[in-house]
(Lines give C-alpha, C1' and ligand atoms only; values in the text may rest on other atoms or scores of the structure.)
Protein backbone atom coordinates (compact mmCIF):
# COMPACT_ATOMS: atom_id res chain seq x y z
CA UNK A 1 0.00 0.00 0.00
CA UNK A 2 1.40 3.38 -1.02
CA UNK A 3 1.89 6.25 1.39
CA UNK A 4 -0.87 8.34 -0.21
CA UNK A 5 -3.32 5.46 -0.04
CA UNK A 6 -2.43 4.81 3.59
CA UNK A 7 -2.97 8.45 4.43
CA UNK A 8 -6.32 8.48 2.65
CA UNK A 9 -7.48 5.39 4.57
CA UNK A 10 -6.29 6.89 7.85
CA UNK A 11 -8.05 10.18 7.10
CA UNK A 12 -11.28 8.37 6.21
CA UNK A 13 -11.11 6.31 9.40
CA UNK A 14 -10.56 9.43 11.48
CA UNK A 15 -13.48 11.13 9.77
CA UNK A 16 -15.75 8.16 10.44
CA UNK A 17 -14.75 8.01 14.11
CA UNK A 18 -15.23 11.77 14.44
CA UNK A 19 -18.69 11.60 12.84
CA UNK A 20 -19.66 8.71 15.10
CA UNK A 21 -18.53 10.66 18.14
CA UNK A 22 -20.51 13.72 17.06
CA UNK A 23 -23.57 11.53 16.56
CA UNK A 24 -23.28 10.09 20.06
CA UNK A 25 -22.79 13.61 21.43
CA UNK A 26 -26.01 14.71 19.72
CA UNK A 27 -27.78 11.66 21.16
CA UNK A 28 -26.64 12.55 24.69
CA UNK A 29 -27.62 16.20 24.22
CA UNK A 30 -31.06 15.08 23.06
CA UNK A 31 -31.45 12.84 26.12
CA UNK A 32 -30.49 15.73 28.41
CA UNK A 33 -32.89 18.06 26.61
CA UNK A 34 -35.83 15.87 27.65
CA UNK A 35 -35.62 17.31 31.17
CA UNK A 36 -35.50 20.93 30.01
CA UNK A 37 -38.56 23.12 30.29
CA UNK A 38 -40.61 24.38 28.64
CA UNK A 39 -41.20 21.52 26.26
CA UNK A 40 -41.89 22.59 22.68
CA UNK A 41 -45.40 21.15 22.40
CA UNK A 42 -46.36 23.16 19.34
CA UNK A 43 -43.28 22.01 17.44
CA UNK A 44 -43.91 18.43 18.58
CA UNK A 45 -47.51 18.45 17.33
CA UNK A 46 -46.56 20.12 14.05
CA UNK A 47 -43.77 17.64 13.41
CA UNK A 48 -45.96 14.67 14.35
CA UNK A 49 -48.59 15.78 11.85
CA UNK A 50 -45.94 16.49 9.22
CA UNK A 51 -44.25 13.09 9.60
CA UNK A 52 -47.59 11.27 9.64
CA UNK A 53 -48.67 13.14 6.51
CA UNK A 54 -45.57 12.20 4.50
CA UNK A 55 -45.48 8.61 5.83
CA UNK A 56 -49.09 7.41 5.88
CA UNK A 57 -49.65 6.90 2.16
CA UNK A 58 -46.32 5.10 1.58
CA UNK A 59 -47.12 2.90 4.58
CA UNK A 60 -50.47 1.85 3.13
CA UNK A 61 -49.07 1.33 -0.36
CA UNK A 62 -46.23 -0.84 0.95
CA UNK A 63 -48.15 -2.85 3.55
CA UNK A 64 -50.76 -4.15 1.10
CA UNK A 65 -48.36 -5.93 -1.32
CA UNK A 66 -46.24 -7.20 1.56
CA UNK A 67 -49.36 -8.66 3.17
CA UNK A 68 -50.55 -10.27 -0.05
CA UNK A 69 -47.12 -11.80 -0.70
CA UNK A 70 -46.70 -13.26 2.79
CA UNK A 71 -50.29 -14.51 3.12
CA UNK A 72 -50.35 -16.01 -0.37
CA UNK A 73 -47.06 -17.86 0.21
CA UNK A 74 -48.08 -19.17 3.63
CA UNK A 75 -51.57 -20.18 2.54
CA UNK A 76 -50.25 -21.99 -0.52
CA UNK A 77 -47.97 -24.05 1.71
CA UNK A 78 -50.69 -24.70 4.31
CA UNK A 79 -53.20 -25.76 1.67
CA UNK A 80 -50.67 -28.20 0.20
CA UNK A 81 -50.24 -29.93 3.57
CA UNK A 82 -53.94 -29.76 4.45
CA UNK A 83 -53.60 -27.19 7.23
CA UNK A 84 -55.43 -24.22 5.74
CA UNK A 85 -57.16 -23.63 9.09
CA UNK A 86 -53.83 -22.32 10.39
CA UNK A 87 -53.73 -19.47 7.87
CA UNK A 88 -54.75 -17.00 10.58
CA UNK A 89 -51.79 -18.02 12.71
CA UNK A 90 -49.40 -17.49 9.81
CA UNK A 91 -50.93 -14.14 8.91
CA UNK A 92 -50.77 -12.96 12.52
CA UNK A 93 -47.17 -14.05 12.94
CA UNK A 94 -46.11 -12.48 9.66
CA UNK A 95 -48.00 -9.20 10.12
CA UNK A 96 -47.01 -8.51 13.72
CA UNK A 97 -43.45 -9.82 13.87
CA UNK A 98 -42.19 -9.17 10.33
CA UNK A 99 -44.38 -7.06 8.03
CA UNK A 100 -45.08 -4.33 10.58
CA UNK A 101 -41.47 -3.64 11.63
CA UNK A 102 -40.11 -4.12 8.09
CA UNK A 103 -42.53 -1.66 6.49
CA UNK A 104 -41.90 0.75 9.36
CA UNK A 105 -38.14 0.55 8.68
CA UNK A 106 -38.59 1.32 5.00
CA UNK A 107 -41.08 4.15 5.44
CA UNK A 108 -39.38 5.83 8.39
CA UNK A 109 -35.96 5.75 6.72
CA UNK A 110 -37.22 6.59 3.24
CA UNK A 111 -39.85 9.24 3.94
CA UNK A 112 -39.77 10.61 7.48
CA UNK A 113 -36.00 10.73 8.00
CA UNK A 114 -35.32 12.33 4.63
CA UNK A 115 -37.93 15.01 5.27
CA UNK A 116 -36.33 15.83 8.64
CA UNK A 117 -32.83 15.92 7.15
CA UNK A 118 -33.93 18.21 4.31
CA UNK A 119 -35.71 20.57 6.71
CA UNK A 120 -32.83 20.89 9.16
CA UNK A 121 -30.27 20.99 6.35
CA UNK A 122 -32.08 23.92 4.76
CA UNK A 123 -32.19 25.72 8.09
CA UNK A 124 -28.48 25.08 8.57
CA UNK A 125 -27.32 26.50 5.23
CA UNK A 126 -29.57 29.54 5.77
CA UNK A 127 -27.71 30.00 9.08
CA UNK A 128 -30.92 29.84 11.09
CA UNK A 129 -29.33 27.38 13.51
CA UNK A 130 -26.33 29.68 14.03
CA UNK A 131 -28.70 32.57 14.66
CA UNK A 132 -30.54 30.53 17.30
CA UNK A 133 -27.27 29.79 19.08
CA UNK A 134 -26.33 33.49 19.03
CA UNK A 135 -29.69 34.29 20.64
CA UNK A 136 -29.04 31.72 23.37
CA UNK A 137 -31.59 29.20 22.08
CA UNK A 138 -30.52 25.56 22.22
CA UNK A 139 -31.13 24.02 18.75
CA UNK A 140 -31.22 20.52 20.22
CA UNK A 141 -34.00 21.43 22.64
CA UNK A 142 -35.86 23.59 20.15
CA UNK A 143 -35.51 21.59 16.93
CA UNK A 144 -34.06 18.13 17.50
CA UNK A 145 -35.99 16.86 20.53
CA UNK A 146 -39.51 17.54 19.15
CA UNK A 147 -38.61 15.84 15.87
CA UNK A 148 -37.08 12.80 17.55
CA UNK A 149 -40.07 12.30 19.85
CA UNK A 150 -42.53 12.92 17.02
CA UNK A 151 -40.81 10.38 14.75
CA UNK A 152 -40.75 7.85 17.60
CA UNK A 153 -44.47 8.27 18.24
CA UNK A 154 -45.49 8.19 14.59
CA UNK A 155 -43.35 5.10 13.91
CA UNK A 156 -45.13 3.21 16.69
CA UNK A 157 -48.52 4.30 15.33
CA UNK A 158 -47.53 3.33 11.79
CA UNK A 159 -46.53 -0.11 13.01
CA UNK A 160 -49.95 -0.55 14.58
CA UNK A 161 -51.58 0.51 11.32
CA UNK A 162 -49.46 -1.94 9.31
CA UNK A 163 -50.32 -4.79 11.68
CA UNK A 164 -54.01 -3.97 11.36
CA UNK A 165 -53.82 -3.77 7.58
CA UNK A 166 -51.93 -7.06 7.52
CA UNK A 167 -54.49 -8.91 9.62
CA UNK A 168 -57.55 -7.46 7.89
CA UNK A 169 -56.02 -7.79 4.42
CA UNK A 170 -54.96 -11.34 5.21
CA UNK A 171 -58.51 -12.16 6.26
CA UNK A 172 -60.11 -10.95 3.03
CA UNK A 173 -57.39 -12.49 0.87
CA UNK A 174 -57.56 -15.85 2.66
CA UNK A 175 -61.33 -16.10 2.95
CA UNK A 176 -62.44 -14.71 -0.41
CA UNK A 177 -59.57 -15.78 -2.66
CA UNK A 178 -58.21 -18.94 -1.09
CA UNK A 179 -61.40 -20.38 0.45
CA UNK A 180 -60.27 -20.38 4.08
CA UNK A 181 -63.04 -20.61 6.69
CA UNK A 182 -63.57 -17.20 8.39
CA UNK A 183 -63.93 -18.75 11.85
CA UNK A 184 -60.78 -20.81 11.46
CA UNK A 185 -58.80 -17.75 10.35
CA UNK A 186 -60.02 -15.66 13.30
CA UNK A 187 -59.36 -18.45 15.78
CA UNK A 188 -55.82 -18.97 14.54
CA UNK A 189 -54.66 -15.35 14.73
CA UNK A 190 -53.74 -15.57 18.41
CA UNK A 191 -52.26 -19.06 18.15
CA UNK A 192 -48.67 -17.88 17.63
CA UNK A 193 -48.97 -14.17 18.41
CA UNK A 194 -49.93 -12.64 21.72
CA UNK A 195 -49.36 -9.53 23.77
CA UNK A 196 -45.57 -10.07 24.18
CA UNK A 197 -45.04 -10.26 20.41
CA UNK A 198 -47.17 -7.16 19.86
CA UNK A 199 -45.28 -5.21 22.53
CA UNK A 200 -41.94 -6.25 21.03
CA UNK A 201 -43.14 -5.13 17.62
CA UNK A 202 -44.16 -1.73 18.99
CA UNK A 203 -40.86 -1.34 20.84
CA UNK A 204 -38.96 -2.15 17.67
CA UNK A 205 -40.97 0.38 15.66
CA UNK A 206 -40.48 3.11 18.27
CA UNK A 207 -36.74 2.44 18.37
CA UNK A 208 -36.63 2.56 14.57
CA UNK A 209 -38.26 5.99 14.63
CA UNK A 210 -35.87 7.17 17.35
CA UNK A 211 -32.74 6.03 15.50
CA UNK A 212 -33.88 7.33 12.11
CA UNK A 213 -34.75 10.74 13.56
CA UNK A 214 -31.39 11.01 15.34
CA UNK A 215 -29.52 10.13 12.15
CA UNK A 216 -31.60 12.62 10.15
CA UNK A 217 -31.11 15.40 12.68
CA UNK A 218 -27.36 14.79 12.84
CA UNK A 219 -26.95 14.90 9.07
CA UNK A 220 -29.20 17.93 8.77
CA UNK A 221 -27.31 19.92 11.40
CA UNK A 222 -23.89 18.89 10.09
CA UNK A 223 -24.49 20.16 6.55
CA UNK A 224 -21.71 22.39 5.25
CA UNK A 225 -21.95 24.27 1.97
CA UNK A 226 -24.89 25.06 -0.28
CA UNK A 227 -28.01 23.31 -1.54
CA UNK A 228 -25.95 20.49 -3.06
CA UNK A 229 -24.76 19.46 0.39
CA UNK A 230 -28.38 19.23 1.57
CA UNK A 231 -29.13 16.71 -1.18
CA UNK A 232 -26.05 14.72 -0.23
CA UNK A 233 -27.12 14.76 3.42
CA UNK A 234 -30.57 13.45 2.48
CA UNK A 235 -29.07 10.59 0.45
CA UNK A 236 -26.68 9.70 3.26
CA UNK A 237 -29.55 9.78 5.73
CA UNK A 238 -31.36 7.05 3.79
CA UNK A 239 -28.28 4.82 3.66
CA UNK A 240 -27.24 5.33 7.29
CA UNK A 241 -30.82 4.90 8.52
CA UNK A 242 -31.30 1.64 6.63
CA UNK A 243 -28.07 0.22 8.02
CA UNK A 244 -28.83 1.28 11.60
CA UNK A 245 -32.45 0.13 11.48
CA UNK A 246 -31.77 -3.28 10.00
CA UNK A 247 -29.01 -3.90 12.53
CA UNK A 248 -31.38 -2.85 15.33
CA UNK A 249 -34.07 -5.12 13.87
CA UNK A 250 -31.65 -8.05 13.85
CA UNK A 251 -30.61 -7.48 17.47
CA UNK A 252 -34.16 -6.96 18.77
CA UNK A 253 -35.50 -9.97 16.88
CA UNK A 254 -32.76 -12.16 18.30
CA UNK A 255 -33.46 -10.87 21.82
CA UNK A 256 -37.18 -11.41 21.37
CA UNK A 257 -36.71 -14.98 20.19
CA UNK A 258 -34.36 -15.71 23.07
CA UNK A 259 -36.80 -14.29 25.62
CA UNK A 260 -39.80 -16.13 24.16
CA UNK A 261 -37.81 -19.37 24.02
CA UNK A 262 -38.52 -20.01 20.34
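Among the residues of segment 22-31, the one identified as exposed (fewer than 14 other Cβ atoms within 10 Å of the Cβ) and in contact (Cβ under 8 Å) with a residue 24 or more places away in the chain is 22.
A quick yes/no check of all residues on (1) surrounded by fewer than 22 Cβ atoms within 10 Å (Cβ to Cβ); (2) more than 24 Å from residue 241 (Cβ to Cβ):
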{"site": "138", "(1), (2)": "yes, yes"}
{"site": "142", "(1), (2)": "yes, no"}
{"site": "151", "(1), (2)": "no, no"}
{"site": "160", "(1), (2)": "yes, no"}
{"site": "167", "(1), (2)": "no, yes"}
{"site": "178", "(1), (2)": "yes, yes"}
{"site": "189", "(1), (2)": "yes, yes"}
{"site": "194", "(1), (2)": "yes, yes"}
{"site": "227", "(1), (2)": "yes, no"}
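A single entry from 257, 247 fulfils the requirement of being farther than 26 Å from residue 143 by Cα and either at pLDDT 80 or above or in contact with a helix residue (DSSP H, G or I) (Cβ under 9 Å, 6 or more places away or on another chain) (or both): 247.
Checked against the criterion of being buried (at least 18 other Cβ atoms within 10 Å of the Cβ) and under 22 Å from residue 116 (Cα atoms), the candidates 203, 234 yield just one match: 234.
What about residue 233, is it assigned to a helix (DSSP H, G or I), closer than 24 Å to residue 103 by Cα and touching a helix residue (DSSP H, G or I) at 6+ places or on another chain (Cβ under 8 Å)? Yes.
Restricting to segment 173-189, and then to whatever is modelled with pLDDT under 80 and out of contact with any helix residue (DSSP H, G or I) (no Cβ under 6 Å at 6 or more places or on another chain), can you tell me which residue is farthest from residue 82 (Cα to Cα)? Ranking the candidates gives 177 first.
Among the candidates 187, 205, the residue that is part of a helix (DSSP H, G or I) and closer than 30 Å to residue 148 by Cβ is uniquely 205.
The values are calculated or read from the model by the stated rules, or taken from the named source; none is laboratory data. Computed from a predicted model, the values in this text were never measured in an experiment. Please note: Cβ atoms are built from the backbone with ideal geometry, for glycine as well, and neighbour counts cover all protein chains shown.
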